[in-house]
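Okay, structure first, notes after.
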Amino acid sequence: MAAQRSSLMQSHQSWTDDLPLCQLCGVGSAPNCVYGPDGKGTQSHPNEDGHFCFSTDCCFLYGVFNGYDGSRVASFVSQRLTAELLLGQLSTGHTDADVRRILSQAFDVVEKSYFETIDDALAEKANLQTQLPEVSTHGVYPSAQTQKIAERLKALEQEVSGGATAIVALILNDKLYIANVGTNRALLCKTTSDGQNQVIQIGRAHTTDNDDELSRLAQLGLDPVRLRQTGLISGQSSTRRIGDYKVKFYHTDIDVLSAAKQKPIISEPEIHGGQSLEGVTGFLLLMSEGLIKALESAHGPEQVNQEIVAMVAAELAQQSSLEAAAQSVVERVKRLHHDAYVSGRQRAPHCGRHEDMTLLIRVVNYTLADGSLTPTQGGRIYPVSVPYSNHQSTSKTSVMLSLVMPAQGTLTNGSNTASTLEGDTPTAGQSPTATLQSTNTHTQSSSSSSGDGSLFRQRGSQAAQPDETGRVPPYVDFTQFYRLWGSDHSEGQELTAK
């Protein structure tokens, strides 16, 4: 039985090797990490994320998959979904309605196919459970035979458990379609005709914080207030997911879902598009939940979209390949998360660990530069190491900060507002980096610049350029910072002396 299941899975594991990879995208990733008291990180489980990026004669297909409780489902979906979409199902003659229907059907077929691969294991598991006697009061099974059954049940549970969330992008007829199941995210950054950069979040995460999802679940007889308070459902925040047999077949055994008249946790994708990409210059980002949560943990959830887009724009201005740019952004988020943890500051309690992180960048009529600044490519990043100490510690720690030199062009809000950078000189009340506005398909929130402007030396209209050593003239005055740091450090030494 196990051999048959293995053979069935193997039949889907190699055919995609022959599909042409898309050369207009790059992928970066990092495994999960748990930090110890000394700040050193260790990986707690194998990487469970997955992705694909293919091009065919008629379309481009991209996907990022966030697996949990194993990589089995994410791997299966990334393999099988391509078979449901790239074997002649799509053509240039299809309408938007046709494409949405094909995408929806593909997700449905993929989940049904996955459950077919574990049918035998689920049947064997159910049979063995009927043979297992009651556990003794000491938690020990009464015989070697029942102990063997218990071990087999544990192995079967590992084989069938787990699920995945998915974000898939399809470009067909120069139109973009996004299909989302769960908690990953898609961002589209477009350079407008007046040189501004507009950031659009396509869709929302399927969680109990999503009012549309709560409404859907309430129609099935569930209590939306209780769902919002519960947050996690069977260990996960997603209200839509692929696989996870427990919530699909045994939801009546889960207290918060037991009153549902139908399956409450579904694999049906929320599909957006087609959105025309004709004349668009910019890039598309697909991000796994782990990347989003890591940056939210480090800096708070308010500016995640803006920060990610700024990082990507800056790396595209420096890197010679999309793969390098994507990996550099993931490494920056990983470093920010780690630094927030070791700082001991306000966000530190939220940063004890992060899950697997994946970022896919797909450029749209966007040419990689050789490192020179252009109006659409952000600015160079110059790391600066500064000493740091908090009030609770007398030890000094070097913290890597990044100063992003503004581009000569504008990087501004998505709406028709004035640039936050006039020329290249930060003005009072502005941050040295540009402010973006994240436009969600459901809601719209404005961001604001931070700081009182007192740190920034006024410069002329000429942009600061690096010299032959890569250094730039200082435009930030750290006098007050070092004065405060010196005061804190002196207090720490006095405490030590006492």
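The figures follow:
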quantity: Dipole in debye (nearest 20) - segment 250-355, about Cα centre, beta carbon charges: Lys, Arg +1; Asp, Glu -1; calculated: 340
quantity: Surface share of carbon and sulfur [accessible, 1.4 angstrom probe, percent] for segment 252-350; calculated: 45
quantity: Highest to lowest packing among 155-167, 29-41, scored as the average C-beta count within 10 Å; calculated: 155-167, 29-41
quantity: Within straight-line cross-link reach of Lys40, lysines at Cα separation under 28 Å, skipping those fewer than 8 residues along the same chain; calculated: Lys293, Lys334, Lys396
quantity: Net +/- balance of residues flanking Leu277 in space, Cβ distance below 13 Å, scoring K and R +1, D and E -1; calculated: +1
quantity: Per residue value of the accessible surface for segment 190-238 (all protein chains in place, 1.4 Å probe), Å²; calculated: 45
quantity: Area accessible to solvent at Glu84, 1.4 Å probe radius, in Å²; calculated: 40
quantity: Dipole axis of segment 204-328 (+1 Lys, Arg; -1 Asp, Glu on Cβ), positive-most option in Gly243, Gly290, Gln319; calculated: Gly243
quantity: Accessible carbon and sulfur surface of segment 21-171 relative to its total accessible area, %, 1.4 Å; calculated: 51
quantity: Heavy-atom accessible area ranking, 1.4 Å probe, most first, across Glu270, Glu302, Glu315; calculated: Glu302, Glu270, Glu315
quantity: Gyration tensor verdict on segment 61-124 (Cα atoms; rounded if a/c is under 1.5, prolate if a/b is larger than b/c, oblate otherwise); calculated: prolate
quantity: Fully extended contour minus Cα-Cα distance, from Val342 to Glu116, at 0.36 nm per residue; calculated: 76.8 nm
quantity: Exposure rank, largest accessible area first [His206, His94; 1.4 Å]; calculated: His94, His206
quantity: Protein-only accessible surface order, largest first, of Glu331, Glu268 at 1.4 Å; calculated: Glu268, Glu331
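The values are calculated or read from the model by the stated rules, or taken from the named source; none is laboratory data. Owing to the predicted nature of the structure, the values given are computational and were not obtained by experimental measurement. Glycine gets a Cβ as well: all are built from the backbone with ideal geometry, and neighbour counts include every protein chain shown. These area figures cover heavy atoms from the full protein model, side chains too; ligands, DNA and RNA do not enter into them. Shrake-Rupley method; radii C 1.70, N 1.55, O 1.52, S 1.80 Å.
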